[in-house]
Amino acid sequence: FHAQKEVETLRASGNFVLFYQPQVALDSRRIVGVEALLRHQSRDGHIMAPTFIASFDRLGLMPELDFWVLEHAVAAAQSLQGVGQVSLAINLSPQTLLDVRLPQVLDRILAKALPTGVRLEIEITESQLIDDPVCFSANLAALRARGLHIALDDFGSGYSTLAYLTRYPFDKIKLDRTLVHGLTRSVGQEFFAATVKLCRISGASVLAEGVETKEELESLATCGVNVVQGYYFYRPMPMADLLHHLVEQQ
Ligand code: G
Ligand code: G
Ligand code: MN
Ligand code: NA
């Protein structure tokens, strides 16, 4: 009941907004991608992290939220004209990836072409690969058929089995921030480098999430990671700020 009430309140107020967190290539130090992250903005302008996702999830309403995100991220991407090559990542929840409406929603949203150089990427988490199956595989194929890239999110966070790396060909693997934080503590550099190598062998590029300190960045540098995302470089930000950074690096 609590979930129901929270969802009703949020829906009534509208005010969902998207923030974007830049992803930085380790070699060039340029922004090569961004992840769209859902936020809620209250009347007084206060920005709230998506703690409400659990409530939407419980009520089976994640497709509604994710379709909104897809639509608005693609619309906002129109302003990325002329900023060069950049991938735009969107998180889709398990419910959304099992939703039979996904292909037709994509076709409607992608009817308007993206600016040259902008590529859509879908982030999926390991947990959703567990309860298979047919509908998930069909939707994954539908995403690929439309030229979208697939990223495996939160890799190494607890649901991983190595089988996934060979079963599904991912374009990108995002190493979970617990692994990255452990790098300067419990996780040895050798172990981390071997994990990166395993991912690279599967054919994916590797992104390290949640990089917060110079020490973490330096430890990563020799491990074969391609791209880094985290507060050390950038926090999630509004589209206007992102544009400013992208124009600046031209
Ligand atoms: O945005 P953080 O900043 O707090 O996000 C918290 C969690 O919410 C993360 O696990 C992230 O993947 C998830 N999340 C953020 N935006 C979206 C979204 O648009 N759709 C889905 N399904 N999950 C999202
Ligand atoms: O589950 P997913 O990886 O999609 O969620 C990304 C989440 O990580 C978002 O909530 C985002 O705000 C958060 N995040 C991004 N960079 C950092 C970081 O450097 N440190 C921490 N603690 N969280 C981060
Ligand atoms: Mn993500
Ligand atoms: Na993640």
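The values are calculated or read from the model by the stated rules, or taken from the named source; none is laboratory data. Treat the numbers as computed from the prediction; the structure is a model and nothing was measured. Quick reminder, even Gly has a Cβ in these numbers, built from the backbone with ideal geometry, and neighbours come from all protein chains shown.
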Exercise for the section: Being among the hydroxyl-bearing types (Ser, Thr, Tyr) and more than 24 Å from Pro238 (Cβ to Cβ) narrows it down to one of Ser28, Ser79, Ser93, so name that one. Expected result: Ser28
Practice task
Taking Ala204 as the residue in question, decide whether it is of a type in the set (Gly, Ala, Ser), buried (at least 19 other Cβ atoms within 10 Å of the Cβ) and farther than 15 Å from Arg29 by Cα.
Solution key: yes
Problem - Residues of segment 213-241 that turn out to be of a type in the set (Asp, Glu) and surrounded by 15 or more Cβ atoms within 10 Å (Cβ to Cβ), as a count - result: 2
Completion exercise
Considering only helices (runs of 4 or more DSSP H) wholly within segment 33-112, the ones with at least 3 residues that are under 21 Å from Ala141 (Cβ atoms) and within 16 Å of ligand 3 (Cβ to nearest atom) are 62-77, 94-97
Practice task
Could you figure out which of (1) surrounded by fewer than 17 Cβ atoms within 10 Å (Cβ to Cβ); (2) within 16 Å of ligand 2 (Cβ to nearest atom); (3) among the charged types (D, E, K, R); (4) modelled with pLDDT of 95 or more isn't true of Arg108?
Solution key: (2)
Fill in the blank from the handout: Scanning segment 172-191 for residues that are of a type in the set (Val, Ile, Thr) and surrounded by fewer than 19 Cβ atoms within 10 Å (Cβ to Cβ), the one farthest from ligand 4 (Cβ to nearest atom) turns out to be Thr184
Handout entry: Residue that is nearest to Asn15 (Cα to Cα) [pool: residues in segment 83-93 that are of a type outside the set (S, T, N, Q) and in contact (Cβ under 8 Å) with a residue 40 or more places away in the chain]
Key = Ile90
Handout entry: Of all residues in segment 160-182 being among the basic types (Lys, Arg) and modelled with pLDDT of 90 or more, the one that is farthest from ligand 1 (Cβ to nearest atom)
Key = Lys172
Fill in the blank from the handout: Cβ pairs under 6 Å, 6+ apart or interchain, first in segment 63-80 and on the phi < 0 side of the Ramachandran plot and within 16 Å of ligand 2 (Cβ to nearest atom), second assigned to a helix (DSSP H, G or I) and not polar (S, T, N, Q), ordered by first then second residue, are Leu65/Phe56; Leu70/Ile109
Problem - Elements of type helices (runs of 4 or more DSSP H) in segment 183-250, at least 2 residues being closer than 29 Å to Ala49 by Cα and within 16 Å of ligand 1 (Cβ to nearest atom) - result: 239-248
Completion exercise
Exactly one of Pro94, Pro133, Pro169 is surrounded by fewer than 19 Cβ atoms within 10 Å (Cβ to Cβ), of a type outside the set (Asp, Glu) and within 16 Å of ligand 4 (Cβ to nearest atom), and that residue is Pro94
